Every structure is written in structure tokens, then in C-alpha cells.
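Read the figures in this text as sums done on the coordinates, not as results from a lab. A quick note: this is a predicted structure, and the numbers were derived from the prediction, not measured. Virtual Cβ from ideal backbone geometry, glycine too; neighbours counted across all protein chains shown.
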């Protein structure tokens, strides 16, 4: 193990939940396996369920049993995990937890460093933060950090109320709001592709780019998340965070230096530059959809309204596409199109930068259909970068054909994977909040999305459901681009 690995106790609220078992424990294991965690760490699982330490450690071993590493003993790894039955509303639970943390700090030499990870229902976030402070758990001689999962509020007002509650116990630089997309390898690569390549950054503006498309589609439906999805929908679940974050990384100016504050500052400028729209204009810029029955992978599947805990006449959107305009010097006139939905034709998250056609292309004179140059950044499932160019056909003529310069990352990464959490947990332990969202980003995103949400709440979607499962979404989404002379690219399907 490395000697400079961060030391800390990680307190996970919601330790028996799905997120902890599928994402957090495997991510902590990976960090331990690669030496990014020393032996000086402990994890305290907190939940209502009355488990013993042995039962909890067995759960942890089950969650990592697919790792077959001879050099790592699963029993030794699990011995760092401790369980504390807990009632978030009971002050005595916090006092007992503090006593346990003080004992473990002496045992594991963690120097008073504490991470409080709230992997549970967000309605308890404010209560937990207040009680952590009042019962002395945030009074430590080391550092303290609070990790928050989305959703961070359900609109701007609720997000601000939650933020004000958290700020009573933690400062802004101690609050780490997770957006797991920011932990994905190829999302982090956006900055490198832009700012480490002389062939791209000079072209990264409205003189050379005609439009940018960001798509995140899923084959799965809402499955057993119907109750959550009814109060969220695709707009709050995906657009307010993941989609706007990717857009900000694509559109930001080069930071003065690669520090947390400078990168965040440039992202905030992009969100501030978003062209505001009124509720009356929403239908001109955004399309919503809800999936119906259909065929996915050769099997018939139900519509959204047939799902458990879903209103049979629900107006909740499972698909959103939109046209974002950034009113600044670099991007004036360049539309950013976003699209996200469930039960679509394929699982894919990718970014497509379409470059403008040449002012005069000689091959048009020969009746050639010249394909535009495209830069494709594939986030998942097949991570990589592809540059689409035109070159001479392999014959005796002078005609052109599209070719591809392709880089594959050969990653097994899938949506919301442990790899993303591995990056983010390690960043949190090191105190690097670059890939976490600042309150200013959250606030600006909610203010933009709230206008759309309010417009849709005030007008029922009488056409729902409006796209078949296994399709690419409603036809109005195609029309959104067609009126600008563009169309959605589906490069990963290889037209």
C-alpha cells in the first residue's frame, strides 16, 4: 500500500441500500486494491436495520465477491467496516455514533478526518446535517466533508432551502454534491480533448461548428422506480444535472489554470449565458415524451403508465429533447441540442460535434454527397473518440468516401458504475471538488429548468404516450432539429 494514501472514516447513511451495495462498497474496494487507500481507513455503515457487525461485513463481502484478487483478502478488507443501527431523528443515535467514531479514529489513526455520505432519502439531509453539528460530530481536529447524492431539491426554492440547512453545519467547500457523470472517464476527457489538442481548440467556436448534440438514451424503463420517477421525470432526473453539466464542459472558456475554482468559474459563466426562455416559448425549444408499449430486444414491453406506482393517466415525461442557446461571443448562433429518454432504441451516451461545411467544396461539382466532419465523444457504453473525415475512394476516380479515425477506451463502464464513484470518492478524500457541482451551478441549472417544468405543469400532455418503446423518441424531437436544417446523428449505430 502507498504511504501517502488519504486517511479517513467514511460514514455512510443508508448503508444497507442499493447505492451502497452496488456502487460504494465496490468502489472503496477498488481504491483499497490499487493502494489508493491505506490500512488507515474505516467505514461506518448507518441504517435503521438492526444488523450486527458480522452481518454487515458479510453484506460488504457479498457486494465485492465478484472481485477475484489473490493479493487482497476479503476478510481483511471487510474488517474495516463497522455497523451502527441508527434513527436519523433520535439525538442519542448521533451521540452514540460520535463515541464510535472517536474510538475508531484511535484504532485506525485517521487523524480526525470524517466523510459523511448521505446515500438515502433527501428529505432527511437537512435534519442529519443539523444533528451532526449539534451533537459534535463535525467538531473534529481533522477535516470534515459532506457528500450529497442527487436529487438536490426538486426546484430552485427547495434546493435553496436545503442548501441553507446544510450551510448551517458545513461550509460550501466542505459540501460535495455528486453528479456521477462527472466521474466518468470520457466526460473528464472532454477538457483534455479540447485544451490539449491544437487541432481542436482553435476550431471550437461558431466560425467552424454548426451544432453540438448530446444524447443520453436508455433501453430500460422506470422498472421499480415508478414512485420516484412520478415526482421527478426526465427533466429533473437528467437535464437539470447530467445534461447541463456536459454542456457546460463543452462550452466553457479555457480556464486560467486547472484548479477547482477556475474550472467551476468557467462552467458557471456558461450557465449564466444560457438564453432565458419564457413559459410561452418552451414549446419552441423543448419537446417532452412518454413511452408507450413496444418491442425492445425482440420482447414486448409495457408502457410507462403500466408501471408499478405510476398514475394510469400520468403526465410525467420519460423523454426530453431541447435546443439550448448560449449567448456569448464564442457560441452565438450555435445550437446545443440535448436528448435523453427511457425505453429508447439503444443504450448510449455520446456527444457529437458537427463542423460546418466548407464555403466551396469541389466535390459538390461531381454530384458527391459530402458528409460533414464529426467529432464523436462516446461516454458509454463503448468509451472512445471518433473523428469522421472524407477521403478518396479506393478506385481510379476522384470521388470521396467517409472514413473514421477511431480510439476505443475498451472500458466495461456502464451507466452509474463503480468506476465513476471510485474517481469521485477518491477526489473527495483528497479534498479535490473539481468534479463535484458547486451551489452556483446547481442554482443556475434549477432556475433554467424551473421555467420548463412550470410550463409543462400548467399544460397537460394530452398526446401522451407519444413514442413507442424501442424507438428514438417522439417525432416532434426530430422536427426540433429539422426546422434548423439539421438532424439527429446516430453515429454509434453506423448509418
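One table, with the values for the structure above:
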quantity: Cα-based helix-to-principal-axis angle, 439-457 vs the chain, degrees rounded to 10; calculated: 60
quantity: Spacing of the two label points (7 Å from each Cα toward its C-beta) at residue 72 and residue 134, in nm; calculated: 3.9
quantity: For the range 170-257: rounded, prolate or oblate by the Cα gyration tensor [a/c cutoff 1.5]; calculated: oblate
quantity: Relative contact order, percent, the range 182-493 [alpha-carbon distance under 8 Å, six or more residues apart]; calculated: 27
quantity: C-alpha long axis of helix 125-134 to longest principal axis of the chain, angle in °; calculated: 40
quantity: Considering only the chain, percent of DSSP beta bridges that pair antiparallel, nearest 5; calculated: 55
quantity: Value of [θ]222 nm, deg cm²/dmol, for the chain, DSSP H segments ≥ 4, -39500 (n - 2.57) each, nearest 500; calculated: -9000 deg cm²/dmol
quantity: 20 Å reach of a label modelled at residue 293, 7 Å along Cα-to-Cβ, counting backbone N of the range 200-235; calculated: 220-224
quantity: Paramagnetic reach from residue 172 (point 7 Å along Cα→Cβ, amide N under 13 Å) across the range 443-471; calculated: 443-444
quantity: The range 182-493, Rg to Rh (Cα coordinates; Rh as Kirkwood inverse mean 1/r); calculated: 0.97
quantity: Degrees, to the nearest 10: 260-273 long Cα axis against longest axis of the chain; calculated: 50
quantity: Most to least packed among 457-463, 94-100 [average Cβ atoms within 10 Å]; calculated: 94-100, 457-463
quantity: Length released on extending from residue 155 to residue 143, taking residue separation times 0.36 nm less the Cα-Cα span; calculated: 1.3 nm
quantity: Simple label model, 7 Å out from Cα along Cβ direction - residue 461 to residue 275, nm; calculated: 2.4
quantity: Cα centroid of the range 31-94 to Cα centroid of the range 298-318, whole Å; calculated: 37
quantity: Sequence ranges 103-113, 118-128, ranked by mean other-Cβ count within 10 angstrom, highest first; calculated: 118-128, 103-113
quantity: Label-point separation in nm, residue 401 to residue 265, each point 7 Å along Cα→Cβ; calculated: 5.1
quantity: Rule-of-thumb Rg ratio for the range 8-149 [Cα; 2.2 N^0.38 Å; N residues]; calculated: 1.00
